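Below is one structure, written out as structure tokens; comments come after it.
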């Protein structure tokens, strides 16, 4: 297993000798797939580092995984959180209308 911070191999106790990190465990596994773990920077790392709010974090989460998990549904979930922000922060309401294919 490799360190999430520097990429070096972890020792038998899961510690990195290069950056002396031992907090890799929460990012080393993922329940229900690999759609986050396969990223160079996992969405949760970005969300926490930038202190994003709930809706902003969900935008990052859904748009980061759409091509590996739920496709268009995840893109729509991301759009829904954009709409929440527009309404709650700016008082603007929008509606999404799906056009049928001819």
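A short reminder: the numbers here are calculations on the coordinates, not readings from a lab. Just so you know, these numbers come straight off a predicted model, no measurement behind them. Reconstructed Cβ throughout: ideal geometry from the backbone, glycine too, with neighbour counts over all protein chains shown.
Points worth noting:
- Label-point separation in nm, residue 100 to residue 40, each point 7 Å along Cα→Cβ: 4.4
- Peptides 83-89, 60-66, 96-102, ordered by how many other C-beta atoms sit within 10 Å of their residues on average, highest first, read 60-66, 83-89, 96-102.
- Rg/Rh (Cα only; Kirkwood hydrodynamic radius) as it applies to the range 33-90: 0.99
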